[in-house]
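Peer 1: Quick one: the structure is below, questions incoming.
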Amino acid sequence: MTVPVIEIRDLHKAYGPLEVLKGVNIVAPAGNVVSLIGSSGSGKSTLLRCANLLENSQQGDVLFCGDPVRWKGAGHARQPADKAQMIRIRTNLSMVFQQFNLWAHMTILQNVMEAPVTVLRRDRAEAEAAARGYLDKVGIGDKCDAYPAMLSGGQQQRAAIARALCMEPKALLFDEPTSALDPELEQEVVRVIKSLAEEGRTMLIVTHDMRLAADVSDHVVFLHQGRIEEEGAPEALFGNPQTERLQGFLSATVAA
C-alpha cells in the first residue's frame, strides 16, 4: 500500500485553556485532494498549520511520507526535536495563504523564485525558468515584472500558487484560498485549483466554497468544534449528509 503524503493521528491542539483540536485523524494519500469544511472556529486552519509545523500540537502524531515528526518536551512545551526534519517537511508542504503574503518590494517573478534560490539553493537561472513556467501555468506569465500592488487579488493569489508550485512540493496546502476575493476573481483561482487537481496533485484544502470542495475533492472532512463530525466522498457528504450538524451547516451555506 502506498504511504500517504500526510497523515495525522489523534491530534490535539490548545491555546492555553482553549482546546481547538480534540483528537483529529486525517490521511492525504499521494495524488488525492482532501478538503476541510466547517464553521469558523471549527479548527480547520489550525489543523492545516499543524500539518506543516507552523503550529505545534500538544498530543498526537504528524507523519510526512510515513516519517513521524520527532518531538521533544510535552504539552504546551512540545516542539519538533529535529530542525532538519522540520525544514524538510515545511519545504515539501507548500502553503497558500488567504491573504497572499507576497513581498511588496519584489516583482512577481522575484516573489516566485526567491524561496527556491534562498531555501533550496537552486541555480538562479534554473529557478527563474521554472518560475516563468509556473506563472504561465497559472495564467499570469505576462505579469513577471509587475509588483503585487499592480495586480488584482485574483492575480496575486495565482502568483502565490505559482510560488508554492516553484518549490516542487510533495503537497499543496490551501488555507481559504478564495475567501478574500470577490466572486469574479474567485473563479480565476478556482480554475487553477481545479487544473492542479486534474493533474493529480496532492492537496489539503481548507475552504468555505462548497462547490469547489465538491468538484475537486477525493475526500471531504467536516469539522465541528475541533472534532471530525462526518467525512467521506463528496457525493456522499453533500448528497446525503448523515448528521444533523452537517445538514444544518450545508443548509446555512446554501442559504448564504
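Peer 1: Failed condition for Val117, given (1) in contact with a Lys or Arg (Cβ under 9 Å, 6 or more places away or on another chain); (2) open to solvent by less than 20 Å² (accessible area, probe 1.4 Å); (3) β-branched (Val, Ile, Thr), with all others met?
Peer 2: All conditions are met except number (2).
Peer 1: With surrounded by 16 or more Cβ atoms within 10 Å (Cβ to Cβ) and within 19 Å of Thr178 (Cα to Cα) as the only criterion, which of Phe222, Phe238 stands out? Write out each step before concluding.
Peer 2: Values: Phe238 fails: within 19 Å of Thr178 (Cα to Cα).
Criteria check complete, one pass: Phe222.
Peer 1: Next up: So, Pro169, is that one open to solvent by 10 Å² or more (accessible area, probe 1.4 Å) and without any contact (Cβ under 8 Å) to a residue 12 or more places away in the chain or not?
Peer 2: It is false that Pro169 is open to solvent by 10 Å² or more (accessible area, probe 1.4 Å) and without any contact (Cβ under 8 Å) to a residue 12 or more places away in the chain.
Peer 1: When region 158-189 is examined, which residues are found to be part of a helix (DSSP H, G or I) and either among the basic types (Lys, Arg) or modelled with pLDDT of 95 or more (or both)?
Peer 2: Arg158, Ala159, Ala160, Ile161, Ala162, Arg163, Ala164, Leu165
Peer 1: Continuing with this model, one more query. Have a look at Val3, Val27 and point out the one that is in contact with a strand residue (DSSP E or B) (Cβ under 9 Å, 6 or more places away or on another chain), of a type in the set (A, V, I, L, M, F, W, C), part of a strand (DSSP E or B) and open to solvent by 40 Å² or more (accessible area, probe 1.4 Å).
Peer 2: Residue meeting the stated conditions: Val27.
Peer 1: Restricting to region 120-136, and then to whatever is assigned to a loop (DSSP other than H, G, I, E, B) and at negative phi, can you tell me which residue is least open to solvent (accessible area, probe 1.4 Å)?
Peer 2: The selected residue is Leu120.
Peer 1: Hey, could you check region 65-97 for residues that are part of a loop (DSSP other than H, G, I, E, B) and within 28 Å of Thr207 (Cα to Cα) and say which is least open to solvent (accessible area, probe 1.4 Å)? Full working, then the answer.
Peer 2: Just the residues of region 65-97 that are part of a loop (DSSP other than H, G, I, E, B), to begin with: 65-66, 69-70, 73-74, 78, 81-82, 97.
Then drop every residue that is not within 28 Å of Thr207 (Cα to Cα), which leaves 65-66, 69, 97.
Values: Cys65: 60, Gly66: 40, Val69: 11, Phe97: 49 Å².
Selected residue: Val69.
Peer 1: If I ask for residues that are part of a loop (DSSP other than H, G, I, E, B) and of a type in the set (Val, Ile, Thr), which ones from region 98-112 would you list?
Peer 2: Across region 98-112, the qualifying residue is only Thr107.
Peer 1: If you don't mind, there's one more thing I want to ask. Which one is nearest to Lys44 (Cα to Cα), of the residues in region 137-166 that are buried (at least 19 other Cβ atoms within 10 Å of the Cβ) and of a type outside the set (A, V, I, L, M, F, W, C)?
Peer 2: Gln157
Peer 1: Residues Asp209, Asp175: which one is closer than 28 Å to Met86 by Cβ, surrounded by fewer than 23 Cβ atoms within 10 Å (Cβ to Cβ) and touching a residue at least 24 places away in the same chain (Cβ under 8 Å)?
Peer 2: Details: Asp209 fails: closer than 28 Å to Met86 by Cβ.
After applying the criteria, what remains is Asp175.
Peer 1: Which pairs do you get when a residue that is modelled with pLDDT of 95 or more, found in region 82-100, comes within reach of a residue that is open to solvent by 50 Å² or more (accessible area, probe 1.4 Å), reach meaning Cβ atoms under 7 angstrom, with the pair 6+ apart or on two chains?
Peer 2: Taking only residues 6 or more apart or on different chains, the pairs are Asp82/Arg70; Gln85/Arg70; Asn92/Lys170; Leu93/Lys170.
The values are calculated or read from the model by the stated rules, or taken from the named source; none is laboratory data. None of the values given here were measured: they were computed from a predicted structure. In this analysis, Cβ positions are derived from the backbone assuming ideal geometry, glycine residues included, and neighbour counts consider all displayed protein chains. Heavy atoms of the whole protein, side chains included, go into the accessibility calculation; ligands, DNA and RNA do not. Shrake-Rupley method; radii C 1.70, N 1.55, O 1.52, S 1.80 Å.
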